[in-house]
1. Shielding by partners for A:221-231, please: the mean number of other protein chain Cβ atoms within 10 Å of each residue's Cβ.
2. What number in nm² do you get for region B:139-207 if you take the convex hull of its Cα atoms and divide its surface by four?
3. What do you get for trypsin sites (Lys or Arg not before Pro) in region A:33-71 restricted to DSSP loop and a cutoff of at most 16 other Cβ within 10 Å of the site's Cβ?
4. Give me the compactness ratio for region A:105-245, meaning the Cα radius of gyration over 2.2 N^0.38 Å.
5. Rounded to the nearest 0.05, what FRET efficiency do B:LEU95 and B:LEU33 give with R0 = 30 Å and r taken as the Cβ-Cβ distance? Could you check?
6. Calculated FRET efficiency, B:PHE41 and A:TYR108, Cβ-Cβ r, R0 30 Å, to nearest 0.05?
7. Pairs of alpha-carbon atoms within less than 8 angstrom and 6+ residues apart define the contacts here; what relative contact order does chain B have, in percent?
8. Test of understanding: given chain B, find the longest segment containing no trypsin sites (Lys or Arg not before Pro) that are in a DSSP loop and have at most 10 other Cβ atoms within 10 Å.
Amino acid sequence: MGYKAKFRIWRGEGGEGRLEDFTVEVNEGEVVLDVIHRLQATQAPDLAVRWNCKAGKCGSCSMEINGKPRLGCMTRMSTFEESETITVTPMRTFPVIKDLVCDVSFNYQKAREIPSFTPPADVKPGEYRMQQVDVERSQEFRKCIECFMCQNVCHVIRDHEENKANFAGPRYLMRIAELDMHPYDVADRKESAQDEHGLGYCNITKCCTEVCPEHIKITDNALIPMKERVVDRKYDPLVWLGSKIFKRQR
Amino acid sequence: MTQTTAESATRKQRAQIRVRTLRTDRWWLAPALTFAGLFLFLIYGFWAMFDLSVLAGPYIAPFSSPCLAAATCPEGARLFGFAPFGDWYTLPPGLLILAFPGGFRLTCYYYRKSYYRSWWLSPPACAVAEPHRKYTGETRLPLILQNSHRYFFYVAVVIGLILTYDAVLSFRDENGNWGHIGLGSIILVVNAILVLCYTFGCHSCRHITAGRLNHFSKHPLRYKMWTLISKLNARHQQFAWASMASIVIADLYVRLMAKGVINFPFA
């Protein structure tokens, strides 16, 4: 059974804008993105929204629905009361291009700052031999669809724009962890994770994990293990002593 | 990358929404409950630290174990009869040891999340703006000391084993004969199990056993331990709260018994 839902949607360009009210038809089985498309078709043809797969796999339609970072295509209308006013805004950590579309180039910049996979010099492509147990831990991180909702919700940059220069954000700290755990990666990533990519800014409040649509345990399986690896390298005198006595490679 | 400040042009290009959050759910409930829970625990801990009723029959109050002071620990409460702090130490025995389990919980990754959210409001909940103008996280003193967690873990393992030993001793009667069982024995055993589950589910423990390795396949035993600890670690929050509650219940039970408030046949 269809009903008329009340929506408040952010309209504007470059930060300036306002929340506009709409009343729009909702049908059974629809998601928020469907309703936004209906608004475009019937009332607001210039409403800008980024989307692509409508299946929760491309990460394009990230937005904030009733203040929470969500994928528009994965948020069912049935989760709201029919009388509820649903507020939709763009992600609040990134500059707005228009309406619900953000400029997420901050993330591409951070991705470029991370040194790529670095295999040992004497191992050629095609010679990698890894057992499943050695790689499955980091395979979890490969599920990331780069919706950037973890980057958006992280208070380190959401509430403190000035930290953007020094903090890679959970998505890219997870990438560093993925590479550091790789059996064939030989790059030294522990010092740089702390000193260049801002791992120390993370105070593990787990919002990145809470909003991840792929349910990746970003904090428990990537950020905290990476913090512990940094402790090994920078803050634990026993590990340092052990590496000297037993000539272990750190 | 262009340097930005809180009032930079880049900041102003974000959607200029002036409200703290647009969340409509009861986001404040979890931090409020956490605040209350931790506050009550601290209040109890402060009282227990100075209370001298540490031994009731075969039961030793967990907040005062190991009991290391000759002047304030009764004979039966001392670990292996050993009291390294002689008669010169007349303060409550809890003062000697509580910094270690306290430090373990204070630097624990789960508790950090809980008090950063509920006490420091940094942030109070996801997508709710924090009130602080500046944020440097755990990059400098004093919060960089959180990196000492693994050292508190080492001590916490010893204390967890002592609590287990105390729980085993609770199956002796007042004369030292085995075979006694009471409600206190059951409470101490449950407490010891929960404390061990919390301690061994710690993220540092997970890292030390095998998390630091990149080749699990070369260390099958450590990998097996890591998988077991990972299962405990997935419930670290639940064990943190359960063990906190159990330690208060066990401690209060023993102290009330020692004061004669609890006094029934199966106690």
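1. Details: counts 5, 0, 1, 9, 5, 1, 8, 11, 3, 1, 8.
Across A:221-231, the average partner-chain Cβ count within 10 Å equals 5.
2. Numbers: hull surface 23.6 nm².
About 5.9 nm², averaged over all directions.
3. Details: sites: A:ARG38, A:ARG50, A:LYS54, A:LYS57, A:ARG70; in loops: A:ARG50, A:LYS54, A:LYS57.
Answer in residue order: A:LYS57.
4. Working: Rg = 15.5 Å, N = 141, 2.2 N^0.38 = 14.4 Å.
Dividing the Cα radius of gyration by 2.2 N^0.38 Å gives 1.08.
5. 0.50
6. Values: r = 45 Å, r/R0 = 1.50.
Here the calculated transfer efficiency is 0.10.
7. Values: 314 pairs, mean separation 54.8, N = 267.
Worked out over chain B, it gives 21 percent.
8. By the stated rule (loop sites, at most 10 other Cβ atoms within 10 Å), B:141-267.
The values are calculated or read from the model by the stated rules, or taken from the named source; none is laboratory data. Owing to the predicted nature of the structure, the values given are computational and were not obtained by experimental measurement. Every residue, glycine among them, receives a Cβ derived from its backbone with ideal geometry; neighbour counts consider all protein chains shown. We work out accessible area using only protein heavy atoms, side chains counted, and drop any ligands, DNA or RNA first. Shrake-Rupley method; radii C 1.70, N 1.55, O 1.52, S 1.80 Å.
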